[in-house]
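The values are calculated or read from the model by the stated rules, or taken from the named source; none is laboratory data. Every value quoted in this text rests on a predicted model; they were computed, and no experiment measured them. Here the Cβ positions follow ideal geometry from the backbone for every residue, glycine too, while neighbour counts run over all protein chains shown.
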Amino acid sequence: MSLYADSIYPVREDVAAIHALQFEKLGLPGTWGTAAQRVAIVNEAREAGYQAGVMEKPSDPGAAPDVKLSEVAHRVVHRLAVSPKDMDQAFYDKAIEDGLSDVEYVEIVGLIARFTCFDVLARGIGVPLRPLPQPQGGSPSRERPSTAVVEKAWVPTIPNVPDGGEIAKELFGPWKPYIMRGISLVPDEFRAHNELEEVQYMPSAHFMEFDYQYHDGLTRPQVEIVASRVSAINECFY
Amino acid sequence: MLGQEVDLRAVVDPQIDIKFPGGSELLAFSDAVLGSNLDELDRARTALENSLGPAAVSSASIIAATFTKNDRVANGTGIPAEPRMMEGAENIRELLGLKNFRSAVNTYRHL
């Protein structure tokens, strides 16, 4: 059954399927966070949304692990969840100074970005936020890509080939823009972000075909109207 | 794009008519889905459905969700815009006041 079976608006099967898979995987250990920590992070982001009035708490929010986030993690989660336009390098540097590692920070960015995405979709089609999964046991993989360096972002990123090496070839193919490589310090977050992009926005092979019809009910220009307005609200220069 | 005149200023100023089919409904929906007024969201959703059909509600929600994600990746990691994105669009950036965004410095500090 579709993750969005309760919606009166049709949600493409591939979108529902990738969302269902990523909700399920939230309940597994990540690269730097345990499953309980990861679910707690997404829960905290939702709490920030409820407090800001931009999300509504569902009757079944799912798991709410008894994990206390550090003050710095709490701070990062809240700002990223509800005020992404106020992120700046000073905020990032202070988070690192206060004890969050760069890899933990990037994993948090990846999680908040994806789960805020799922929650906005739910809100848009008028269904409750989907319940969060019960966290499973196990340890994070703690795999840091050896070729990641500080390029032009605040955080280290894996460069495109050849400097990025074999992992760049595997993840990016011939080239990926910064909007994808921004969270490559945690390759699993890159993979999840990339999967969503290919399904939700459009297959990257067609990106420059401005008359390519991918979204039911919307032409490409209409798609870009929504994209532009959302990014203007979030004051995203990129 | 595709020979239709639009007023891009509407993307940053909701008072302006974007002059594109379904555009005003899409802009209102985008604002409402990120906003804090549920009644406004319900009205915007209905208006969008009446204008462009139920599939448009789903698709607009997916796009709003996608750029909700992407904006957090971009603003959260401090990535710069790609050089080719900066070529030939200075007039649009000026028109829309994009340089005033806090995130603009992530690009301009490298130029």
Fill in the blank from the handout: (1) over 12 Å from residue A:41 (Cα atoms); (2) touching a Pro at 6+ places or on another chain (Cβ under 9 Å) all hold for residue A:91 apart from (2)
Problem - Only listed residue being surrounded by fewer than 17 Cβ atoms within 10 Å (Cβ to Cβ), at pLDDT 95 or above and over 16 Å from the mean Cα position of the chain (by Cα), chosen from A:47, A:24, A:71 - result: A:71
Practice task
Taking only the stretch A:198-228 into account, find how many residues are closer than 18 Å to residue A:178 by Cα, more than 7 Å from chain B (Cβ to nearest Cβ) and modelled with pLDDT of 90 or more.
Solution key: 1
Exercise for the section: Only helices (runs of 4 or more DSSP H) wholly contained in the stretch B:2-111 count here; list those with 1 or more residues that are over 17 Å from the mean Cα position of the chain (by Cα) and either under 19 Å from residue A:222 (Cβ atoms) or not aromatic (Phe, Trp, Tyr) (or both). Expected result: B:38-52, B:54-77, B:83-86, B:90-96, B:105-108
Exercise for the section: Report whether or not residue B:50 is farther than 18 Å from residue A:152 by Cβ and either among the small types (Gly, Ala, Ser) or in the same structural domain as residue B:6 (by TED's automatic domain parsing) (or both). Expected result: yes
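Here's the yes/no breakdown for (1) modelled with pLDDT of 95 or more; (2) surrounded by 14 or more Cβ atoms within 10 Å (Cβ to Cβ); (3) among the basic types (Lys, Arg):
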site	(1), (2), (3)
B:12	no, yes, no
B:37	yes, no, no
B:64	yes, yes, no
B:70	yes, yes, no
B:73	yes, yes, no
B:85	no, yes, no
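Which is assigned to a helix (DSSP H, G or I) and of a type in the set (D, E, K, R), of A:235, A:198, A:209?
On the way: A:235 fails: assigned to a helix (DSSP H, G or I); A:209 fails: assigned to a helix (DSSP H, G or I).
So the residue among A:235, A:198, A:209 that is assigned to a helix (DSSP H, G or I) and of a type in the set (D, E, K, R) is A:198.
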Completion exercise
Flagged pairs (Cβ under 8 angstrom, 6 or more apart or on separate chains; first in the stretch B:80-103, under 16 Å from residue A:236 (Cα atoms) and facing chain A (nearest Cβ under 8 Å); second of a type in the set (Val, Ile, Thr) and buried (at least 16 other Cβ atoms within 10 Å of the Cβ)) are B:80/B:107; B:81/B:107; B:96/B:11; B:96/B:12
Exercise for the section: Determine whether residue B:36 is more than 7 Å from chain A (Cβ to nearest Cβ) and over 12 Å from residue A:124 (Cα atoms). Expected result: no
Problem - Qualifying residue in the stretch A:161-179 (condition: buried (at least 23 other Cβ atoms within 10 Å of the Cβ) and either closer than 22 Å to residue A:112 by Cβ or touching a His at 6+ places or on another chain (Cβ under 8 Å) (or both)) - result: yes
Handout entry: Tally, over the stretch A:164-197, of residues that are touching an Asp or Glu at 6+ places or on another chain (Cβ under 9 Å) and either more than 23 Å from residue B:105 (Cβ to Cβ) or more than 14 Å from every other protein chain (Cβ to nearest Cβ) (or both)
Key = 4
Practice task
Give the residues of the stretch A:148-163 that are of a type in the set (D, E, K, R) and within 14 Å of another protein chain (Cβ to nearest Cβ), sorted by residue number.
Solution key: A:151, A:152
Practice task
Report yes if residue A:134 is touching a residue at least 40 places away in the same chain (Cβ under 8 Å) and either more than 8 Å from chain B (Cβ to nearest Cβ) or among the β-branched types (Val, Ile, Thr) (or both), otherwise no.
Solution key: yes
Handout entry: Lone unmet requirement of (1) among the small types (Gly, Ala, Ser); (2) surrounded by fewer than 23 Cβ atoms within 10 Å (Cβ to Cβ); (3) part of a loop (DSSP other than H, G, I, E, B) for residue A:90
Key = (3)
Exercise for the section: Answer yes or no: is there a residue in the stretch B:4-16 that is at the interface with another protein chain (Cβ under 7 Å from one of its Cβ atoms), without any contact (Cβ under 8 Å) to a residue 60 or more places away in the chain and among the hydrophobic types (A, V, I, L, M, F, W, C). Expected result: no
Handout entry: Test result for residue A:145, farther than 20 Å from residue A:77 by Cα, away from every other protein chain (no Cβ under 11 Å), at pLDDT 95 or above and crowded, with 18+ Cβ neighbours inside 10 Å
Key = yes
